[in-house]
Amino acid sequence: MSAIKLCGQEKTDTIRTYTLREVNVEGEQYPVAVRSTSPVQVLKKEMLEKLNVLQLSDAAKFLSGVQIKDYGGVGGMKTISVRGLGATHSLITYDGLAVSDYQTGQMDIGRFSLENIEMIRLNIGESDDIFRSARDLSAAGALHITTRWFTVDGEKKRKIWGGLRGGSFGLFNPSVSYEQRLHRTFRARVSAEYLQTQGDYPYTTVIGEKKIRENADVRTFNTEANLQGNFNNGGRLSFKMYAYDSDHSLPGAYRFYSTSPGEQVKDRTFFAQGAYEQKFSSSLWFRSAVKATDTHTRYIASSAHSDRYLYDQREYYATATLLYHAGSHFSVSWANDGSFSSFRQNLMDKKPERTLLQSALSAKYQRDALSLNGSLFGAYAHDRIRSGDTKDFSDCSPYLGFSVTPIKNVPWQIRGFYKQTFRQPTFSDLYALPFVNKKLDVEKAVQYDLGMTWVCAAGKYFPSLSVVVDAYWNRIRDKIIAFPGASMYIYTIQNIGKVEAKGVDIRLNLDGYVDERFSYRLQASYSCQQALDRTEPGTAIFNHQIPYTPYHTSSGYATFEMPWFNVNYTLLFCGERYFNRVNLPEYRMDAYLDQGISLDKTLHWKETKIKFLAECLNLYNRSYEVVRSYPMPGRSFRATIKIVY
Amino acid sequence: MKRKFLNWSYCLLAFVPVFISCDKQDDDNAGEKLPEVAGIFVLNQGVNNQNDAGLSFYSMETGDVYTDILQGTLGDGAQDMIIFKDKLFISVSGSARILALDMYSKKTLSAISLTGKEGAPRSPRKFVSDGEKIYVSTFDGYVVQINPETYVVEKSVQVGPNPEGIAIVDGKIYIANSDGENYLNGYANGKNVSVVDAASFKEEKKIPVGLNPCVLQADVYGNVFVGCNGNYADIPAELQKIDTKTGLVTTVPGIQASNFTIGGDVCYFYHVVYDSEGTASASIGYFDITAVHPDPRPFVTDNTIVGTPYCIHLDPATKKVYISESNYTTPGKIHVFNDSGKEENSFMVGMNPCDIAVYSR
């Protein structure tokens, strides 16, 4: 935490410290993302509990500069795309290590619950913390999920907490966690969560038919065991095992005048990861981690054949990073990652395997008013399939960012960055068809960003006020596009697209303080984005807005803390967008506004804390779709009890 | 002699609508003047799961094109159309319904929801008519009979897996069983044509044909032509001919057709091939169906470039050939050619135009 400079004339005799919404707090050593060279947004546990959200995807909708493609309901798929670049250009990490899907290149972020999450952090561009693995630099944007530890040194030896949530359409969601300090060095935590919902919400199609969502039931279970140790010699060890088991129905798109068949999905993921960090001296730090992941997915289509699609993916991953501080202003790090992944699918007899080597060299210079951050990331992928030729992919990505505080003692920062990234064709792009498309190449993305932040405390009644504005310009080349080919099942996949996106993201945060009993927090964000197809002049789609990219989006929340209870209000607005590549009126989707409200109350009884939360989602029962023909739920209710002991 | 008589009666039938709808003063010229096309309906299939099928209409009287006269309410996955007297019937596969419109006023007359076993939605595919009833193949493996006056589904009979193309010759209904859903097993059960007796509505036999038969059309000589798609990999497409009198199946040598249409003695077809990178190239041709060794010729004679063809339609009254093109990404286009392969007209329609129906006055 750092002291905030006052922007008014008022003086106080105590220095208040406040946690800023966009401060990147990663341990005690790295304060102040006011200096960050690229946009960073953080949502911490306290805030996540007030946003009227259930899944990670719901929370991500409040981050600016992202689009969440939500297929509706708890079980519908949800993917995240940063600034119009597409879901394949986003990286998701869970407690420091990436979760990846080599088949589709996209992660369904709906599968992450918020129960044990301490913080989610979105980096567009790159984080300024250069003590990281190489993979963190591989994507245009990264969403980092950090889980929560309760016990603190010197405090209670153990903590147990549990929650029970219930809600509309048969939502039943119990969870429990137990944390224990072992000896003086270690602490361990075990948690388990079960979620079940019927998902039979009413909805209205775009031609006014009133229906009930069928085949949308979900049953998921996840459990985690964590061990962490802090050693006197500056070493830190952490170990995790995670298991996820899900069985749910996917209703599919609705059909006018009829019903849709839907399918069943059974999904099982298990991973184990261990990380070790050691500070050899104040200037030489080392960290490394290993991870093994096993994923099984089974789709059962409800057709005459009951076609079964089975996917198995396995990944072994290791990373090592060395950081050197040369003096107090300059640091450099070198990270190397290696992974081996294999994929099996009953449709494909190719059984692809990929060896991926990633390396990153980063340097940071930080002095008074100026921060400079640069890195060079390179990756090499070697694929092997059971029979046939494959291609190797390699590319490198530079990053350059700066941040400067032009006027001394004024908390106004200007920053900008340039980043080039690429994404390799996925296993699905390369190996799903009878023949391997040898001509398929990496998809490249270039980002330019220029922005400013203003963060200050405006007196006693406004302990924190911030404004963040970023303007950006992105270009995608060799976009990998799939379109139908010889038959419905055979697709043509080519590097054929060019997209140019320009936009502005604006965020305002205000903490207000009336007195010891009343305080409030407001955030409003607005983004406008133009993402145009620039593939071939003269075609019908040239200079048309790419699908599912609205021109205007906005989100906001307001929380009021009062002695009796707290009130939380949320708002999501999405402007018009098109569901086809050609922008004709018949392909335009209406704008929508989704508002939510909740009340929460925390009681203390001896050492126990009990929290009650009652939420009303989609307050005005708006019928809307994020993806064409996949309806979102209307008004629904949720109630939660949480006990911490 | 019998053949010549059939030829004549076919020609006379073609002029019947002219006799009925023309003014008295045109009667003198009826034999010489070709009927005027009054309007062209184009059925836009839309994109799977997007509920964006539509019906375009081109009015020859005004030259106006209406991209969707149903304004986005048609449904998901339109398949086929048929003109029956002055009604237009449309099959919408994904939405499991058949829509009946008045051809002239464009007003909806009826919407028939098809259901199959245990009330599950039944997807209609292709139409054929014997002048009294309308017969529709359905994706769940049936042929149903629809009364075009009462809009009631009267009969149904089970045929092979995933029936598509349908034709009628001498009171027998021929249906191509494509097994198109069985992609995983290479369309193993898509290997025959079912024959259903229209009067008793019972399946009489299955005639073995090539792999994955889809398009089916009868000629005036009592032959049924079958377009077999193969498996898009090692088994190529082929065109076969069933002589309905003898039951003999022969392969038409040297012809590969993704889709075709027959009028009189001429078969117009196109063939789309995909190379290893997935780039499509198409050829459009025609051949004489009475020739033992057909000599296919390229159809387009004036250098008009047609993108990837999506459907082909021949108007027997005017002999014009209508070809639609689609790239799955942007709205499709209709090319109107005269019978010497010269483009007379073209206009833009909706996404994936899959069928064309022309009515004349």
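The values are calculated or read from the model by the stated rules, or taken from the named source; none is laboratory data. Everything quoted here is computed from the prediction, not taken from an experiment. With ideal geometry, Cβ positions are generated from the backbone for all residues, glycine too; neighbour counts draw on all protein chains shown. These area figures cover heavy atoms from the full protein model, side chains too; ligands, DNA and RNA do not enter into them. Shrake-Rupley method; radii C 1.70, N 1.55, O 1.52, S 1.80 Å.
The listed residues are A:T93, A:T88, and the only one of them that is surrounded by fewer than 22 Cβ atoms within 10 Å (Cβ to Cβ) and among the hydroxyl-bearing types (S, T, Y) turns out to be A:T93. In the stretch B:266-293, the residue that is least open to solvent (accessible area, probe 1.4 Å) out of those that are assigned to a loop (DSSP other than H, G, I, E, B) and within 14 Å of another protein chain (Cβ to nearest Cβ) is B:G278. Those strands (runs of 3 or more DSSP E) of the stretch B:38-115 in which at least 1 residues are modelled with pLDDT of 95 or more and either over 29 Å from B:E154 (Cα atoms) or of a type in the set (S, T, Y) (or both), considering only elements entirely within it, cover B:54-59, B:87-92, B:108-113. Against the criterion of being within 14 Å of another protein chain (Cβ to nearest Cβ), hydroxyl-bearing (S, T, Y), crowded, with 21+ Cβ neighbours inside 10 Å and in contact with a Ser or Thr (Cβ under 9 Å, 6 or more places away or on another chain), B:Y310 qualifies. (1) surrounded by fewer than 21 Cβ atoms within 10 Å (Cβ to Cβ); (2) over 20 Å from A:G252 (Cα atoms): which one isn't true of A:L613, the others all being true? That leaves (1) as the condition not met.
Give me the residue from the stretch A:319-347 that is more than 29 Å from the chain's Cα centre (by Cα) and among the polar types (S, T, N, Q) and, out of that set, most open to solvent (accessible area, probe 1.4 Å). Top of the filtered list is A:S328. For the stretch A:229-262, a tally of residues being part of a loop (DSSP other than H, G, I, E, B) and more than 30 Å from A:G76 (Cβ to Cβ) returns 4. Has the stretch B:252-265 got at least one residue that is assigned to a strand (DSSP E or B), within 23 Å of the chain's Cα centre (by Cα), within 14 Å of chain A (Cβ to nearest Cβ) and not small (G, A, S)? Among the residues of the stretch B:252-265, at least one is assigned to a strand (DSSP E or B), within 23 Å of the chain's Cα centre (by Cα), within 14 Å of chain A (Cβ to nearest Cβ) and not small (G, A, S), which makes the answer yes. Please verify whether A:P547 is within 14 Å of chain B (Cβ to nearest Cβ) and modelled with pLDDT under 95, treating the condition exactly as stated. It is true that A:P547 is within 14 Å of chain B (Cβ to nearest Cβ) and modelled with pLDDT under 95. Checking each residue in the stretch B:330-351 for being facing chain A (nearest Cβ under 10 Å) and surrounded by fewer than 18 Cβ atoms within 10 Å (Cβ to Cβ) picks out only B:M348. Within this structure, B:A237 fails the test of being aliphatic (A, V, I, L, M) and open to solvent by 20 Å² or more (accessible area, probe 1.4 Å). Of the numbered criteria (1) over 21 Å from A:S64 (Cβ atoms); (2) under 27 Å from the mean Cα position of the chain (by Cα), the one A:E561 fails is (2).
If you take the residues in the stretch B:97-116 that are within 13 Å of chain A (Cβ to nearest Cβ) and touching an Asp or Glu at 6+ places or on another chain (Cβ under 9 Å), which one is nearest to B:Y135 (Cα to Cα)? Going through the qualifying residues, I end up with B:G116.
Inclusion of B:Q256 among residues that are on the phi < 0 side of the Ramachandran plot and in contact with a His (Cβ under 8 Å, 6 or more places away or on another chain) is warranted. Taking residues in the stretch A:109-122 that are closer than 14 Å to A:L91 by Cβ, and partners anywhere that are part of a helix (DSSP H, G or I) and among the small types (G, A, S), the pairs with Cβ atoms closer than 7 Å and at least 6 places apart or on different chains are A:I109/A:S57; A:I109/A:A60; A:I120/A:A59.
Scanning the stretch A:447-461 for residues that are modelled with pLDDT of 85 or more, within 14 Å of another protein chain (Cβ to nearest Cβ) and open to solvent by 10 Å² or more (accessible area, probe 1.4 Å) turns up nothing. In the stretch A:564-573 there is no residue matching the filter, namely being under 19 Å from A:G86 (Cβ atoms) and in contact (Cβ under 8 Å) with a residue 24 or more places away in the chain.
Condition first: open to solvent by 20 Å² or more (accessible area, probe 1.4 Å) and within 12 Å of chain A (Cβ to nearest Cβ). Can you find one or more residues in the stretch B:202-221 that meet it? Checking the stretch B:202-221: at least one residue is open to solvent by 20 Å² or more (accessible area, probe 1.4 Å) and within 12 Å of chain A (Cβ to nearest Cβ).
Between B:S129, B:S123, B:S178, the distinction of being touching a residue at least 40 places away in the same chain (Cβ under 8 Å), touching a Ser or Thr at 6+ places or on another chain (Cβ under 6 Å) and among the small types (G, A, S) belongs to B:S123 only. For the stretch A:590-598, the criterion of being open to solvent by less than 10 Å² (accessible area, probe 1.4 Å) and modelled with pLDDT of 95 or more is met by at least one residue.
Checking B:V136, B:V65, B:V144, B:V152 one by one, the residue that is crowded, with 24+ Cβ neighbours inside 10 Å, more than 11 Å from chain A (Cβ to nearest Cβ) and either out of contact with any helix residue (DSSP H, G or I) (no Cβ under 6 Å at 6 or more places or on another chain) or of a type in the set (A, V, I, L, M) (or both) is B:V136 and no other. A:R184 satisfies every condition listed in (1) open to solvent by 70 Å² or more (accessible area, probe 1.4 Å); (2) part of a loop (DSSP other than H, G, I, E, B); (3) in contact with a strand residue (DSSP E or B) (Cβ under 7 Å, 6 or more places away or on another chain) except (3).
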